[in-house]
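The structure appears below as C-alpha cells.
The values are calculated or read from the model by the stated rules, or taken from the named source; none is laboratory data. For clarity, every value in this text was computed on a predicted model and none was experimentally measured. Cβ atoms come from the backbone with ideal geometry, glycine included; neighbour counts cover every protein chain shown. All accessible areas refer to the heavy atoms of the entire protein, side chains included, with ligands and DNA or RNA removed. Shrake-Rupley method; radii C 1.70, N 1.55, O 1.52, S 1.80 Å.
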Amino acid sequence: MRTSRRSDSRPAIPDAHQALHQAFGWEVPEWFNMAQVCSRRWADDHRHADQTAVVACGAQQPDRAHSYAELQQQANRLSHALVALGVGRGDRVAIVLPQRFETAVAYMAVLQMGAVGMPLSQLFGPEALAYRLHDSEAVVAICDASTRSAVQAVAAECPALHTVIAVDGLASGSGVLDWASVLAQEPDRFDLVPTRAEEAAVLIYTSGTTGNPKGALIPHRALIGNLSGFICSQNWFGFDPSDASAGSQAVFWSPADWAWTGGLMDALLPTLYFGRTIVGYNGRFSPQVAFELLERHRVTHSFLFPTALKAMMKACPKPRQRYDIRLEGLMSAGEAVGDAVFAWCEQHLGVTVNEMFGQTEINYIVGNCARLYPARPGSMGKAYPGHRVAVIDEAGHECPVGVPGDVSVHRLDVHGRPDPIFFLGYWKNEAATRGKFTPDPSATRTQRTERDEVLGVPLYSWCRTGDLAVRDEDGYLWYQGRADDVFKAAGYRIGPSEIENCLVKHPAVANAAVVPKPDAERGAVVKAYVVLAPGFVPDDALVQALQTHVKGKLAPYEYPKAVEFVDSLPMTTTGKVQRRVLRLQEEARYQQAQESKT
C-alpha cells in the first residue's frame, strides 16, 4: 500500500493538490437524478445488471447478495405502490430502516419518482421521530420490525402521515401495509420521473447546539459535489488512471448508519454511483464484527469513525496476524483520528487513513488523499478538488497561517463557477439559511449583492461550518473543535481534541472526552472523562499517571486537573462524542455546589 510518510525505503508522495484544483471543473447537467445514476443505468446495462449491488447480512442470518437488476426491479415496484398511495413529486417519504437491502430499494424508489427521501435513524426515540415526521410533513413512512412500533406510536401526532409500510412480515394495526404484499401487486418496470439537478432529493435533519433540529434540503446535484471527495478519500476507489479495467472488485463497507449523511452520501450512494458492491450489516458494531466483515467480504474500501478505529486498535493490536485484511482505501471523519490511530492503520491495517471533513449541508469538502498528496496524521487535510475552502474570521476575511477561524466554503469554486455541493436551504427556515452565510468581503459591491435563485443568498459568500481550525504553511487544516467545544482555562485557549488524542495513546485509555470544569478562581480547569481499556482499574495512582502522561507530551496548562472514569461517553448516532452533554453536566454540578454554600 502507498503511505503518506517516508520511511528509510519509501519515497515521498508528490503533492499534486494544486494541480488537481487547477485542472478540475464541475460538469453539472440541467437534468440529473440520483437514482438514475446509482441504479437504473447499471440495471439497464446487460453487462452490469447481474453484478452485486448490495450484500445484506446480519447477526445469525445468512449473507444475501442482491444484483443491480434486482435492486431496480424492486425499486420500480415500490415506486408504483407509492404513486398508488398518492405520493407525488416533492412529497417527503420517511425511511426509518437500518442497513439492509430494502433500505437501498426505498431510496431508489423515492428518488426516481421525484419525491424526497427523509432518512430517520432506528435509534431515534419517540420525541425525535415525532418532531421530524411532523415538521417535514412526511406522507409515508417505511420501517421494519425494529422501528415499526416507534413509528406507529407517534403516527397520530403527524397529521400528514397517512401510511406506514413495514418490512419483515405482515404488520398488524390500522394503516400499516406489508412491504412484500404491496410490492407483489405492482409491475417491475417504472418510467423515471426526470428531475432537474437543482430539485430536492433528500431531507436530512441535523442537530445543532441549541434549538430544534433543522432539516437540510439536499438537491440531486449534491451527489456530483460529493464525488471528488469520495474518490480522493478512498484512494481512487479502486480506479487506476493507467488501467481502465482496475477496480471492478472494489467492495465497500462502513458501520455508518445509512440514515446519516456519512452513511447515505459518503457510503451507499457513491458506491452505487460507481456500480460497485456495498455490504449492509444490520447489527451492532463491535471490533470483532468489523474485522470479520472486512475478511469475509474481502472489503477493499471503508469509512470507519475514529471511535471505531480506537476500539479496534485496543481490541486487536495486530489484526493481520488473525485476519486477512485487503483494505486499499480508508476514510475517517467525525473527530480527529490522532497520530496513534493513524500509525496503527498504516502498520497493522496496511492502509493510510484519509481523514476528511464535511457537514450535512456541505458534505465532503476537506480531506486527505494518500494516493495523490501526503496525508498528515491528525490533519483534516486540504480542500477536495472543486471546493474553495478557507479559514475565516467573523468579518469573512481569511485568517493568517496559524490563526484559528471558522472553516468555510465559498459558493463559487476556484474558477468562479457554482459549487454543486451546497444544500438548498433549511426546511421552512429561511432565517437559518441566511444565517449560515457570510458575504465575501473581497468581492465587489455588485458581486456581494448578486443573489442565487435557489438559496436566496449572495453567490459571492462563504458558508460557515461552525467548526474551528488553523491552516498551516502548506495549506493543511487542523481541527480545533466546534466553536462551542473550545474553551479557556486559566487564560489559555484549550482545544479538546489534542488532549483527547494524547490520552488515548496511554494503554489504559480506550476513549476520552475533555471539557471545561468551572472553577471560581481560574474560570475553568481542564477535565477529562476517561473510558478505561479492559484490565485497568480506576484509582488515584492511575489519575496521576494519566496527568503525568499528558504533561510530558503537551503544554503544562493542557494536562487534565480533574479526571473522572466512566463506563461510556455520550455519543451521537454518528459516532461523535457529545462534549456538550458533559459540559452542561459540569456546569450543573458547579451551580449545585455554589447553591449549597449559600
What's the magnitude of the charge dipole for the chain around its Cα centre, counting Lys and Arg as +1 and Asp and Glu as -1 at the beta-carbon? Answer in Debye, nearest 20.
860 debye
Region 420-481, relative contact order in percent, only Cα pairs under 8 angstrom and at least six apart counted:
24 percent
Lone Cys, the chain, Cβ cut-off 4.7 Å -> Cys38, Cys57, Cys143, Cys158, Cys316, Cys345, Cys399, Cys463, Cys502
Distance from region 20-73 to region 507-535 (C-alpha centre basis), Å
44 Å
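Which number comes out as Rg/Rh for region 24-76 once both Rg and the Kirkwood Rh are worked out on C-alpha atoms?
1.14
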Taking the dipole about the Cα centre of the chain, with the C-beta of Lys and Arg at +1 and of Asp and Glu at -1, give me whichever of Ser568, Phe24, Val389 is farthest to the positive side.
Ser568
Kindly provide the helix-only [θ] at 222 nm of the chain, computed as the sum of -39,500 (n - 2.57) over DSSP H runs of four or more divided by all residues, to the nearest 500 deg cm²/dmol?
-7500 deg cm²/dmol
Using only Cα atoms, find the angle between the long axis of helix 287-296 and the longest principal axis of the chain, and express it within 0 to 90 degrees, rounded to the nearest 10.
50 degrees
Relative to the longest principal axis of the C-alpha atoms of the chain, give the angle of the C-alpha long axis of helix 101-112, reported between 0 and 90° and rounded to the nearest 10°.
70 degrees
When all protein chains stay in place, what accessible area (Å², nearest 10, 1.4 Å probe) is found for Glu335?
30 Å²
Accessible area per residue of the chain at 1.4 Å probe, in Å²?
41 Å²
With both bridge residues required to lie in the chain, what share of the DSSP beta bridges run antiparallel, to the nearest 5%?
60 percent
Below 8 Å between Cα atoms, with a sequence gap of 6+, how large is the relative contact order for the chain in percent?
12 percent
Spatial extent of region 46-152: Rg and Dmax, with the Cα atoms as the point set, Å:
14.6, 47
Carbon and sulfur atoms: what percent of the 1.4 Å accessible area of region 382-487 do they account for?
48 percent
Nearest 10 degrees, 0 to 90: what angle lies between the long axis of helix 306-315 and the longest principal axis of the chain (Cα atoms)?
70 degrees
